[in-house]
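Q: The structure follows.
The values are calculated or read from the model by the stated rules, or taken from the named source; none is laboratory data. Treat the numbers as computed from the prediction; the structure is a model and nothing was measured. Using ideal geometry, Cβ is built from the backbone for each residue, glycine included, and neighbour counts are taken over all protein chains shown.
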Amino acid sequence: MKEKADTIFHAAKKAFLEAENSKSLYDAKVLYMGKKGEFSLILKELKNLPAEEKPKWGQKLNEIRKRLETLYLQRKQELEEQELSSQVEKDILDLSLPPPEHPSGSLHPITKVIDEIIHIFTPLGWSVQTGPLVESDWYNFTALNIPPFHPSRDLQDTFYVEEDFVLRTHTSPVQIRALQSFSPPLAVLAPGPVFRHDSDISHSPMFHQIEGLLVDKHVSFADLKGTLSFFLKKLFGPVEMRFRPSFFPFTEPSAEYDISCLFCKKRGCPVCKKSGWIEVGGCGLVHPNVFSSAGLKGNWEGFAFGLGLERLAMLLYNIPNIRLLFENDLRFLRQFENL
Ligand code: PHE
């Protein structure tokens, strides 16, 4: 046994030292130390030895195996270093080659519109607030002066999560959250996704709105109109704005606001359906019941407005189908990279 083990040890050692590259070194390792290698074969012979000899030989063979492993690792390192330096010598560094490209992503058009709106309002002292997407019925409806069974709940096809929880149908519940978190005077914007059971080429079950709420002393309809007109001119350039009477349970009086058509300058075109005007969103003076739901006391007044962002982006960039905004087709999204 001793002779056999010694022979294998010397043969393996020789093979390792003579290996010319890491590949042949590896082959030698497999030959002598692999599962079916010569060394494993004598390990199997151990069981034929008399019991009292087994521990002694077991230990001996183990030592030999360890020594071989160390030899292998030393040689491996040597060879790898040699290979690396000869590789480096061979390679010519071509400094004129262009560097590898690192393609970077860009912001989604809806994110860009949100950022743009925020940048218009923050210099005026407005801050940004968010709220949960799953809202209690109370925040989404009741606190906004829409009691249970009120017919206006049907206007927004609501996704119910549980009996008292909905996917918020608008960003208006953030008005209540803002009133509960800060004491007036306050001015907040609340951008984010909202959900309605609605789907066609211009409606998607998930879309984005941005809400504005300002509360102070002596806030009038003129302040609302002035603020919106400033905002829309900043966003769209020189456009006209008009108010149309409307109804929202959480504002009184309420209006919808339009801008003069960006495409035909009020002459009438398919985009504005020949009306000369494009509808942007809803607004009004905060209903006193909204203040009381939020627990706000005192002589406060305020205005609020909301608008849908996909519609805006579709108009601005001439996007024919709302789904293009959510399909993540890079060919579509890349068009907005530098806008
Ligand atoms: N929440 C309303 C909607 O989704 C819009 C709105 C916001 C109206 C604020 C008035 C004031 O249609």
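Q: For region 285-315, how many residues are closer than 19 Å to R242 by Cβ and within 33 Å of the chain's Cα centre (by Cα)? Spell out the reasoning first.
A: As a first pass, look at region 285-315 and keep what is closer than 19 Å to R242 by Cβ: 285, 303-308, 311-312, 315.
Now drop any that are not within 33 Å of the chain's Cα centre (by Cα), which leaves 303-308, 311-312, 315.
Here the count works out to 9.
Q: May I ask you to say which residue of F263, F230 is more than 16 Å from the ligand (Cβ to nearest atom) and assigned to a loop (DSSP other than H, G, I, E, B)? Even if it seems obvious, please write down each step before you answer.
A: On the way: F230 fails: assigned to a loop (DSSP other than H, G, I, E, B).
When all the criteria are applied, what remains is F263.
Q: Separate question: When you check C283 against the structure, is it in a loop (DSSP other than H, G, I, E, B) and surrounded by 15 or more Cβ atoms within 10 Å (Cβ to Cβ), yes or no? Break it down stepwise before answering.
A: Numbers: in a loop (DSSP other than H, G, I, E, B): no; surrounded by 15 or more Cβ atoms within 10 Å (Cβ to Cβ): yes.
Taking the combined requirement at face value, the residue does not satisfy it.
One line per residue, one yes/no per condition, for (1) farther than 28 Å from K233 by Cβ; (2) surrounded by fewer than 11 Cβ atoms within 10 Å (Cβ to Cβ):
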| residue | (1), (2) |
| --- | --- |
| H102 | yes, yes |
| I110 | no, no |
| G125 | no, yes |
| L133 | yes, no |
| P151 | yes, yes |
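Q: What are the pairs, 6+ residues apart or on separate chains, where a residue within region 209-225 that is within 13 Å of the ligand (Cβ to nearest atom) has its Cβ under 6 Å from a residue that is among the β-branched types (V, I, T)?
A: From residues that are within 13 Å of the ligand (Cβ to nearest atom), the pairs are Q209/T171; Q209/V194; I210/I117; E211/T171; E211/V174; L213/V188.
Q: Okay, moving on. Can D198 be described as surrounded by fewer than 15 Cβ atoms within 10 Å (Cβ to Cβ), within 20 Å of A313 (Cα to Cα) and charged (D, E, K, R)?
A: So D198 passes the test.
Q: Also, quick follow-up: Which of the residues belonging to region 153-180 are hydroxyl-bearing (S, T, Y), crowded, with 23+ Cβ neighbours inside 10 Å and out of contact with any helix residue (DSSP H, G or I) (no Cβ under 7 Å at 6 or more places or on another chain)?
A: T171
Q: Moving on to the next point. Name the residues in region 39-71 that are charged (D, E, K, R) and out of contact with any Leu (no Cβ under 7 Å at 6 or more places or on another chain), would you? Step through it out loud before you land on a result.
A: Our first condition is that a residue be charged (D, E, K, R); within region 39-71, this holds for 44-45, 47, 52-54, 56, 60, 63, 65-67, 69.
Answer for region 39-71, where residues must be charged (D, E, K, R) and out of contact with any Leu (no Cβ under 7 Å at 6 or more places or on another chain): K44, E45, K47, E52, E53, K56, K60, E63, R65, K66, R67, E69.
Q: On to the next question. Among the residues of region 286-297, which ones are within 24 Å of G226 (Cβ to Cβ) and either near the ligand (Cβ under 9 Å from one of its atoms) or assigned to a loop (DSSP other than H, G, I, E, B) (or both)? Steps first, answer last, please.
A: Residues of region 286-297 within 24 Å of G226 (Cβ to Cβ): 286-288, 290-291, 296.
Selection gives V286, H287, L296.
Q: Further, regarding this structure: So which pairs qualify, if the first residue must be in region 275-294 and over 20 Å from V219 (Cα atoms) and touching a residue at least 12 places away in the same chain (Cβ under 8 Å), the second must be within 14 Å of the ligand (Cβ to nearest atom) and part of a helix (DSSP H, G or I), the Cβ gap must be under 8 Å, and the two must be at least 6 apart or on different chains?
A: Note: pairs meeting the criteria are V280/L312.
Q: Within region 127-138, which residues are closer than 17 Å to L309 by Cβ and either within 13 Å of the ligand (Cβ to nearest atom) or part of a loop (DSSP other than H, G, I, E, B) (or both)? Explain how you work it out, then say what you get.
A: Narrowing region 127-138 to residues closer than 17 Å to L309 by Cβ: 128-131, 133.
Listed by number, the residues that qualify are Q129, T130, G131, L133.
Q: OK, next. Mind counting the residues in region 28-74 that are surrounded by 11 or more Cβ atoms within 10 Å (Cβ to Cβ), free of Cβ contacts under 8 Å to residues at least 12 places away in the same chain and in a loop (DSSP other than H, G, I, E, B)?
A: The total comes to 3.
Q: Based on this model, can you work out whether D258 counts as away from the ligand (no atom under 12 Å from the Cβ), surrounded by 15 or more Cβ atoms within 10 Å (Cβ to Cβ) and either over 22 Å from V271 (Cβ atoms) or polar (S, T, N, Q) (or both)? Can you show your working first?
A: Working: away from the ligand (no atom under 12 Å from the Cβ): yes; surrounded by 15 or more Cβ atoms within 10 Å (Cβ to Cβ): yes; either over 22 Å from V271 (Cβ atoms) or polar (S, T, N, Q) (or both): no.
In short, no.
Q: Could you check region 218-258 and list, in sequence order, the residues that are closer than 25 Å to Y317 by Cβ and in contact with a Ser or Thr (Cβ under 6 Å, 6 or more places away or on another chain)?
A: Listed by number, the residues that qualify are V239, E240, M241, E256.
Q: Looking only at region 298-321, count how many residues are in a helix (DSSP H, G or I) and within 16 Å of the ligand (Cβ to nearest atom). So that I can check it myself, show each step before the final result.
A: So in region 298-321, the residues in a helix (DSSP H, G or I) come out as 309-317.
With the extra rule that they be within 16 Å of the ligand (Cβ to nearest atom), the set shrinks to 309-312.
Number of matching residues: 4.
Q: All but one of (1) surrounded by fewer than 18 Cβ atoms within 10 Å (Cβ to Cβ); (2) farther than 30 Å from L324 by Cβ hold for M206; which doesn't?
A: So M206 meets the others, but not (2).
Q: Could you please find all residues in region 139-180 being assigned to a helix (DSSP H, G or I) and touching a residue at least 40 places away in the same chain (Cβ under 8 Å)? Give the derivation first.
A: In the first step, residues of region 139-180 are kept if they are assigned to a helix (DSSP H, G or I); the result is 139-140, 142-144, 151-155, 173-180.
The answer is T142, A143, L144, S152, P173, V174, Q175, I176, R177, A178, L179, Q180.
Q: Tally up the residues in region 6-27 that are among the aliphatic types (A, V, I, L, M) and surrounded by fewer than 17 Cβ atoms within 10 Å (Cβ to Cβ), please.
A: 2
Q: Then there is this: Scan region 142-152 and give yes if some residue there is within 13 Å of the ligand (Cβ to nearest atom), touching a strand residue (DSSP E or B) at 6+ places or on another chain (Cβ under 6 Å) and at pLDDT below 95, otherwise no.
A: Scanning region 142-152 turns up no residue that is within 13 Å of the ligand (Cβ to nearest atom), touching a strand residue (DSSP E or B) at 6+ places or on another chain (Cβ under 6 Å) and at pLDDT below 95.
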